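Colleague: Take a look at this one; I'll ask things after.
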Amino acid sequence: MERLLGLLKVKVVSGVNLAICDPLAHSSDPYVVIRLGQQKVKSGIKYKFTNPEWNEELTLSITNWTLPVKIEVFDHDTFTKDDSMGDAEFSIANKDLSHVPDDTVMKTIHPDKDNCFSTESHIRWKDDKVSQNIVLKLRNTDTGEIILHLEWVNIPGTAR
């Protein structure tokens with residue numbers, strides 16, 4: 001059995017300028033699927049939106065620092081297979097924070113060709129928590145971004 005290293009709370013905040021998959025309604029019915037290894041969590045469906053606001057918190061168990069977190073956005077369809085609206089991924093940062101002053105930016109991630117970041121993102125240590133706001137540009141689609149807020153939850157007795 002794999003050792004639990006901690007939990008990652010992923011708040012799916014919103015989608016921006018998502019693809020239109022229902023041309024008659026000029027909208028989509030998006031939802032977000034987040035995968036990490038064999039784990040899969042899913043947001044609720046936001047009917048008739050291309051700029052949805054979810055503000056839903058989903059939690060993943062972290063047992064391996066090297067696995068990427070994969071994000072997929074789908075358009076819900078009642079009678080046919082759901083349409084893909086794009087995907088993105090990001091890596092989990094593993095930092096020892098035992099001697100870090102409060103309100104410290106641990107790392108800044110810049111958008112580049114090797115990641116899905118749309119804007120600069122800071123991994124921050126504040127109030128005994130590691131958090132990060134990220135905006136991911138969706139791949140395999142013409143348009144769309146997903147805004148997330150990440151928070152690391154340390155499990156007592158495990159290394160950070």
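Colleague: Counting Lys +1, Arg +1, Asp -1, Glu -1, what net charge surrounds Val135 among other residues with beta carbon under 10 Å of its beta carbon?
Modeller: Numbers: positive: Lys137; negative: Glu120, Glu145.
Within the 10 Å Cβ shell, the charges total -1.
Colleague: May I pose another question? How much of the accessible area of the stretch 7-111, probe 1.4 Å, is carbon plus sulfur, in whole percent?
Modeller: 50 percent
Colleague: What fraction of the Cα pairs in the stretch 6-154, stated in percent, has a spacing above 20 angstrom?
Modeller: Values: 5338 of 11026 pairs.
Here the tail beyond 20 Å accounts for 48 percent of pairs.
Colleague: When only Cα pairs under 8 Å and 6 or more residues apart are kept, what is the percent relative contact order across the chain?
Modeller: Once divided by the residue count of the chain, the mean separation gives 27 percent.
Colleague: How high is the relative contact order of the stretch 42-117? Use alpha-carbon pairs under 8 Å, at least six apart in sequence, and give a whole percent.
Modeller: Worked out over the stretch 42-117, it gives 22 percent.
Colleague: Compute the accessible area per residue over the chain, keeping the other protein chains in place, probe 1.4 Å, unit Å².
Modeller: 57 Å²
The values are calculated or read from the model by the stated rules, or taken from the named source; none is laboratory data. Fair warning: this is a prediction, and the values are worked out from it, not measured in the lab. Positions of Cβ are generated from backbone atoms using ideal geometry, with glycine treated the same way; all protein chains shown enter the neighbour counts. Quick note on the areas: whole protein, heavy atoms, side chains included, nothing else; ligands and nucleic acids left out. Shrake-Rupley method; radii C 1.70, N 1.55, O 1.52, S 1.80 Å.
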